[in-house]
Amino acid sequence: MMKRTLSLLALSCMLGSASAKLPPPTPEQAAKAAENAARAKWTGQVSAYQVCEVQDRIAARFGKPRPADAPSMPACVEPGPFAYTPPAEKPIEASGAHSPPSNANSPPSTGGSTPPTQAEPKS
């Protein structure tokens, strides 16, 4: 009975730690993930091209070449070598996060109420 209780306690501790929130990725990790996604997409294109080539060879072997106007079968397109260019990052100042794009017409609010000022009479 004691072993069962201890094993359940250990299991619940492991499950609790496994469901902890992960920290946000660093910019380097995000860039690496984007590159890996682009590489996976390219690998899929290469695989599709290779399958298309094999289908053409099999069809030619049995004397049934692909019709030129077959709409359901697009031509085999080689994806070329893998090339990834990361997107250019804007500097923080250019993002517009700090201030509105137009000039200020009034002073910033101070959070407190200020009494209205009276204009001085012109003499």
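Extension gain, R61 to A48: 0.36 nm times the residue separation minus the Cα-Cα distance gives 2.7 nm.
Ordered by the number of other Cβ atoms lying within 10 Å of each residue's own Cβ, fewest first, V51, V46 fall into the sequence V51, V46.
Read-outs: derived from the displayed coordinates by stated rules, not from any lab. Computed from a predicted model, the values in this text were never measured in an experiment. Backbone-built Cβ (ideal geometry, glycine too); neighbour counts: all protein chains shown.
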